[in-house]
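**Student:** This is the structure I have questions about; it appears just below.
The values are calculated or read from the model by the stated rules, or taken from the named source; none is laboratory data. In this text the structure is predicted, and so the values were computed from the model without any measurement. Note: ideal-geometry Cβ built from the backbone for every residue, glycine included; neighbour counts use all protein chains shown.
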């Protein structure tokens, strides 16, 4: 990696339509929290915790798996 991963510590809203909105919070390079903002299958505010790996695929471009 070239250095600090720019998304760490930031939050992003992913909108997949009016009924599918999630807030992704990149805690660090190994942890991602996803909060349900809208989803008919889950209560608003439900938080899911994920262990992730951040891989730099070119300078300052990462893939999270």
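**Student:** What number goes with the only condition from (1) loosely packed, with under 11 Cβ neighbours inside 10 Å; (2) modelled with pLDDT under 95; (3) closer than 16 Å to residue 61 by Cα that residue 17 does not pass?
**Tutor:** (3)
**Student:** Hey, another quick one. Looking only at segment 25-36, how many residues end up being within 15 Å of residue 53 (Cβ to Cβ) and surrounded by fewer than 17 Cβ atoms within 10 Å (Cβ to Cβ)?
**Tutor:** Within segment 25-36, residues that are within 15 Å of residue 53 (Cβ to Cβ) and surrounded by fewer than 17 Cβ atoms within 10 Å (Cβ to Cβ) number 4.
**Student:** Further question on the same structure: Restricting segment 48-62 to residues that are over 16 Å from residue 28 (Cβ atoms) and surrounded by 10 or more Cβ atoms within 10 Å (Cβ to Cβ), which is modelled with the highest pLDDT?
**Tutor:** 48
**Student:** Looking only at segment 1-26, filter to residues that are part of a strand (DSSP E or B) and free of Cβ contacts under 8 Å to residues at least 12 places away in the same chain; which one of those is nearest to residue 64 (Cα to Cα)?
**Tutor:** 14
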